[in-house]
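**Student:** Take a look at this one; I'll ask things after.
The values are calculated or read from the model by the stated rules, or taken from the named source; none is laboratory data. Values in this document were obtained by computation on a predicted structure and should not be read as measured data. When we count neighbours, we look across all protein chains shown, and the Cβ atoms used for this are built from the backbone with ideal geometry, even at glycine.
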Amino acid sequence: MLVDKADIVPYLKQYGRYSMAYTSLEPEMEYFVLEGVGYIAYISFKHWFWARQERKVVLADPLCAVASYQKIIQLFLKKHPNTIFVQSSKAMAEVLKREGLQINQFGIETEIPLSGFNLKGKHRAKLRQWQNKCQREGVVIKEQAINECTNMAEIEALSKQWLKNKKGDEFSFLVRPLRFEQEPDVRYFWAYKDNKLIALATFDPLYSNGNIVGYYHNIDRLNESAPHGTSASIILEAIKLFTAEGKELVSLGMSPLYLRGGAKHEINHNKFTRKAFWYAFEKLNFIYPFKGNASHKKKFNGGKRFVYISSTKGTGLWQVFVMMKAIKMF
């Protein structure tokens, strides 16, 4: 059934406080809508080798009240029994456990409460160093809507170079791609040096009860010439502005496979899968910069939100590979 996105936006603005909420509006998404309650966003995946039986891959939590998670999940699973759930919250994972699914910690999300945020103390010393370095080197950071920018060729060139250096294309599903047009409520910040664009960052809105309560740092693009610490300096400038506006938090998103806190934070997990995740985090950084991602976010000394992956087929590595293939991670 086709869903008019205008019909689901009210649920997003009521319940979309987590980092992946705005991503649920991406063009490739399909929707399971429970009228008057909320919706689940997912993609369908079928492959001659990886998934001969079609899988549904669900993005994060339902966009509804937490008290309604079990009801909407039960109805969804009745219709779609072959499902993988990715980047679920602990509250969602507990519901899936009650439905008999096996669940593994998939990483952490870093969230920065803005009330009282400052750069004092040893825990954020590196942020102070980066910010001071960028200021000394003449980096100028400003906010501007992308549709107000006059040099789109410069922006496209920066993005193209960044993707080339990363040896890949835009990710999708767990990361929204950069679009060269203004999207509702998305904020854009730009870094210049000697009047040349050297970096940009985008921030997706986090909603609660119809209001924007914070932002998720979704996209970075950096030129090779950008001073070390430019990305962090952009985030700090955004935090300064969002704090002045009375916003509550900034999410830095997920650090995949960073299993901080040990097995005590697992829920009905598969021990072999957990060991495989640990091995990938420690040894397979040539595939994805697991350690670098986690280390960068750790510098902000934010709060930690555990996220999980689960499947109706069991959280075996095969299901993880199916998920990775479905969202084009390899």
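**Student:** Would you call Ser225 more than 30 Å from Glu99 (Cβ to Cβ) and surrounded by fewer than 19 Cβ atoms within 10 Å (Cβ to Cβ)?
**Tutor:** Yes: the conditions hold for Ser225.
**Student:** Do we have Ala263 as within 22 Å of Phe173 (Cα to Cα) and modelled with pLDDT under 95 here?
**Tutor:** Here the answer is no, as Ala263 does not meet what is asked.
So that you can scan it fast, the table gives a plain yes or no per residue for (1) of a type in the set (Lys, Arg); (2) within 19 Å of the chain's Cα centre (by Cα):
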{"residue": "Ala51", "(1), (2)": "no, no"}
{"residue": "Pro62", "(1), (2)": "no, yes"}
{"residue": "Ser89", "(1), (2)": "no, yes"}
{"residue": "Ala93", "(1), (2)": "no, yes"}
{"residue": "Glu99", "(1), (2)": "no, no"}
{"residue": "Ile112", "(1), (2)": "no, yes"}
{"residue": "Lys122", "(1), (2)": "yes, no"}
{"residue": "Gln129", "(1), (2)": "no, no"}
{"residue": "Ala145", "(1), (2)": "no, no"}
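**Student:** Does Val66 qualify as being assigned by TED's automatic domain parsing to the domain that holds Ser88, within 21 Å of Ser172 (Cβ to Cβ) and of a type in the set (Val, Ile, Thr)?
**Tutor:** When the stated conditions are applied, Val66 does not pass them.
**Student:** Related question: For the stretch 199-299, please list each of the helices (runs of 4 or more DSSP H) lying entirely inside it that holds at least 2 residues being of a type in the set (S, T, N, Q).
**Tutor:** Ranges flagged: 230-244, 290-298.
**Student:** Tell me which residues, restricted to the stretch 83-101, are surrounded by fewer than 20 Cβ atoms within 10 Å (Cβ to Cβ) and either of a type in the set (S, T, N, Q) or out of contact with any strand residue (DSSP E or B) (no Cβ under 7 Å at 6 or more places or on another chain) (or both).
**Tutor:** Ser89, Ala91, Glu94, Arg98, Glu99, Gly100
**Student:** Just to check your reading of the model, which residue among Glu156, Glu143 is touching a Phe, Trp or Tyr at 6+ places or on another chain (Cβ under 9 Å), among the charged types (D, E, K, R) and modelled with pLDDT of 95 or more?
**Tutor:** After ruling out the rest, the residue left standing is Glu143.
**Student:** Turning to a different aspect of this structure: For the stretch 176-197, how many residues are buried (at least 21 other Cβ atoms within 10 Å of the Cβ) and aliphatic (A, V, I, L, M)?
**Tutor:** Total meeting the criteria: 1.
**Student:** It is to be established whether one or more residues within the stretch 186-197 are within 29 Å of Ala65 (Cα to Cα), in contact with a strand residue (DSSP E or B) (Cβ under 9 Å, 6 or more places away or on another chain) and not assigned by TED's automatic domain parsing to the domain that holds Val86.
**Tutor:** yes
**Student:** Moving to a separate point now. So if I check each of Val66, Val57, which one is buried (at least 16 other Cβ atoms within 10 Å of the Cβ) and touching a helix residue (DSSP H, G or I) at 6+ places or on another chain (Cβ under 7 Å)?
**Tutor:** Val57
**Student:** Name, by its number, the condition in (1) under 25 Å from Phe306 (Cα atoms); (2) assigned to a loop (DSSP other than H, G, I, E, B) that does not hold for Tyr39.
**Tutor:** Result: Tyr39 passes all but (2).
**Student:** Quick check on Phe76: is it farther than 19 Å from Tyr308 by Cα, crowded, with 16+ Cβ neighbours inside 10 Å and over 20 Å from the mean Cα position of the chain (by Cα)?
**Tutor:** no
**Student:** Return the pair list, or none, for Cβ contacts closer than 8 Å from residues in the stretch 46-65 that are farther than 25 Å from Leu25 by Cα to residues that are acidic (Asp, Glu) and modelled with pLDDT under 95, at least 6 apart or on different chains.
**Tutor:** none
**Student:** Just checking, does the stretch 287-304 include any residue being crowded, with 17+ Cβ neighbours inside 10 Å, farther than 19 Å from Ser172 by Cβ and at pLDDT below 85?
**Tutor:** Looking for residues that are crowded, with 17+ Cβ neighbours inside 10 Å, farther than 19 Å from Ser172 by Cβ and at pLDDT below 85, one finds none in the stretch 287-304, hence no.
**Student:** Regarding the stretch 308-328, can at least one residue be identified that is of a type in the set (A, V, I, L, M, F, W, C), part of a loop (DSSP other than H, G, I, E, B) and closer than 19 Å to Ser88 by Cβ?
**Tutor:** yes
**Student:** Same structure, new question: So which of Arg98, Arg128 ends up being without any contact (Cβ under 8 Å) to a residue 60 or more places away in the chain, touching a helix residue (DSSP H, G or I) at 6+ places or on another chain (Cβ under 8 Å) and charged (D, E, K, R)?
**Tutor:** Arg98
**Student:** Next question. How many residues does the stretch 1-26 hold that are more than 13 Å from Leu174 (Cα to Cα) and either modelled with pLDDT of 95 or more or assigned to a loop (DSSP other than H, G, I, E, B) (or both)?
**Tutor:** The total comes to 14.
**Student:** Shifting gears a bit: Go through Tyr69, Tyr11 for me and flag whichever is aromatic (Phe, Trp, Tyr) and out of contact with any Phe, Trp or Tyr (no Cβ under 6 Å at 6 or more places or on another chain).
**Tutor:** Tyr69
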